[in-house]
Amino acid sequence: MHIGKLTKYDKKLAILIDPDKADENSINLLFTTSGIESTDMILVGGSLLYNNIDLTIGLIKSNTHIPVVLFPGNAFQISKQADAFMLLNLISGRNPDLLIGHHVMAAPKLKQLNIPIISTGYMLFESGHITSVQYMSNTQPLPAHKTDIAVATAIAGELIGMKQLYLEAGSGADHPVSPKIIEAVTNAVSLPIIVGGGIRTAEQAIQAWNAGANMVVIGTAAEQSPALISKIISAKATL
Ligand code: 1GP
């Protein structure tokens, strides 16, 4: 099993840590109090980047052996310290920089990292208000209830050669991606499916897994209430 790679049979949980919102104290607290040790993956990334990403990953790794996977908000978020790198292709958008431009700039450095690079079809959904990823990517999200467009986008991603799909409502979204969309996409492609954005309760996480998500990502809610992680882990055990 390669680090950071998912299969269609997984039901995993990942916690997203934004280097700009985490410091030594918050990371140590997260690993001593939250049950995060029982999660499957730590994603690291954010919309901006004013803190040092190497430092954040170093702090996480001093606390755990859980794989740390870069989930970059931009081409500057590259680190040798990570165990794998999610190469995001914003296939819901029509911004060429996020389909190939930044990839070209980052490619030589990514090759040197010598870690798994996981091509990820990144699909941003409308979710109630303009999220950071929508604004920063300068793209239109997919309509939240247009299942046919979501399915067509997912199939295109699979045919283009993506290795997994990330259905994203955006960090802090009002509404997570709907179970109906997750189910339709899951049934349409044979790629592993990651779901994140706006998941704040164990019930929402369970709904996403039941609809077909192979990995659920929690960021904001875990930051605000680390105790939620243990609740989600307990709920997951009943799947
Ligand atoms: C954002 O999907 C992740 O890219 C997590 O979103 O912060 O809303 O949990 P939240």
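The values are calculated or read from the model by the stated rules, or taken from the named source; none is laboratory data. Predicted model only: the values in this text are computed from it and were never measured. What goes into the accessible areas is simple: the full protein's heavy atoms, side chains included, and nothing from ligands, DNA or RNA. Shrake-Rupley method; radii C 1.70, N 1.55, O 1.52, S 1.80 Å.
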Connecting every pair of Cα atoms under 10 Å apart in the chain and solving the GNM, the largest mean-square fluctuation among ILE27, ILE36, ILE194 falls on ILE27
Cα gyration tensor shape of segment 12-236, rounded if a/c is under 1.5, else prolate or oblate by comparing a/b with b/c: oblate
In whole Å, what are the Cα extents of segment 102-239 along the three principal axes, biggest one first? 41, 35, 29
Using only the alpha-carbon atoms, what does segment 1-65 span along each of its principal axes? Please give whole angstrom values in decreasing order. 36, 26, 16
Accessible area per residue, 1.4 Å probe, Å², for the chain: what's the number? 47
Among the listed pairs LYS12/LYS236; LYS146/LYS236; LYS11/LYS163; LYS80/LYS109; LYS21/LYS109; LYS12/LYS231, give every one whose C-alpha distance is greater than 19 Å. LYS146/LYS236; LYS21/LYS109
Would you mind calculating the gained length between THR7 and ASN95 on full extension (0.36 nm times residue separation, minus the Cα-Cα distance), in nm to one decimal? 28.8 nm
When the accessible area of the chain is computed with all protein chains present and a 1.4 Å probe, what percentage of it is carbon and sulfur? 55
I need to check one value: relative contact order of the chain, counting alpha carbon pairs closer than 8 Å and at least 6 residues apart, in percent. 21
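Give the shape of segment 55-131 as rounded, prolate or oblate, defined through the alpha-carbon gyration tensor: a ≥ b ≥ c are the square roots of its eigenvalues, a/c under 1.5 means rounded, and otherwise the shape is prolate if a/b is larger than b/c and oblate if not. It would help to have the intermediate numbers written out before the result.
Numbers: a/c = 2.40, a/b = 1.41, b/c = 1.70.
In terms of gyration-tensor shape, oblate.
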Taking segment 187-236 on its own, what percent of its Cα-Cα pair distances exceed 15 Å? 42
Among LEU88, LEU29, LEU228, whose mean-square fluctuation peaks in a Gaussian network model of the chain (Cα, cutoff 10 Å)? LEU29
Can you tell me which aspartates and glutamates have their Cα less than 18 Å from the Cα of LYS111? Leave out same-chain residues fewer than eight positions away. ASP54, ASP83
